[in-house]
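The structure under discussion appears below in the form of structure tokens.
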Amino acid sequence: MRRTAYADVIERAHETAELHFQVKGALTRSDEQLVQHIVRLRDELRVAFDPLMRCIRLVVLEGPARVAEATEALSQSVITANRALHPLEQAGEGAQAAYESAEAEFHRRLEQFTVAARKALSAIQ
């Protein structure tokens, strides 16, 4: 059951990461194209957010503690990255750098979760 829960988090997180990758690609577009593309991607990220959070909540409940902590950190990082999209739409000063930083943190936290999940699974085999 844990293996499935961990795999679900990773799968949903990778779907979210793909959308964030598309945002990074959109940052090279003109201002008007950028805003339109960001709005569309933000809508897609909203759709992807709920399934990811459901998977995360299950892993947090199941534990163990080290995996739950890594999962909670992943959760916060995806929330931060998603929130960083709005300033991009508004062409706020420093918005691109803040988004790129938040997106990179999301990827770091996903990697940390994956490592913690792998260790937890190897401990029960």
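The values are calculated or read from the model by the stated rules, or taken from the named source; none is laboratory data. Owing to the predicted nature of the structure, the values given are computational and were not obtained by experimental measurement. With ideal geometry, Cβ positions are generated from the backbone for all residues, glycine too; neighbour counts draw on all protein chains shown. Accessible surface areas use protein heavy atoms only, side chains included; no ligands, DNA or RNA. Shrake-Rupley method; radii C 1.70, N 1.55, O 1.52, S 1.80 Å.
A few remarks follow.
- Placing unit charges on each Cβ (+1 for Lys and Arg, -1 for Asp and Glu) gives the chain a dipole about its Cα centre, and among 76, 59, 28 the Cα reaching farthest toward its positive end belongs to 59.
- Contour excess over end-to-end distance, with Cα ends at residue 35 and residue 72 and 0.36 nm allotted per residue: 10.3 nm
- With eigenvalues of the C-alpha gyration tensor scaled by 5 and rooted, the stretch 52-107, Å: 28, 10, 5
- Within the shell of other residues whose beta carbon sits under 11 angstrom from the beta carbon of residue 118, the net charge comes to +1, with Lys and Arg scored +1 and Asp and Glu -1.
- Averaged over its residues, the stretch 1-81 has an accessible area of 56 Å² per residue, based on protein heavy atoms and a 1.4 Å probe.
- Short-range pairs are left out: with C-alpha atoms under 8 Å and at least six residues apart, the relative contact order of the chain is 29 percent.
- Label sites at residue 4 and residue 54, each approximated as a point 7 angstrom past Cα along Cα to Cβ, lie 1.4 nm apart.
- Solvent-accessible surface ranking, highest first, for 1, 53 at 1.4 angstrom: 1, 53
- Paired Rg and Dmax values of the stretch 1-94, which use every Cα atom, in angstrom: 15.0, 46
- Other residues with beta-carbon under 14 Å from the beta-carbon of residue 90 carry, at +1 per Lys or Arg and -1 per Asp or Glu, a net charge of -2.
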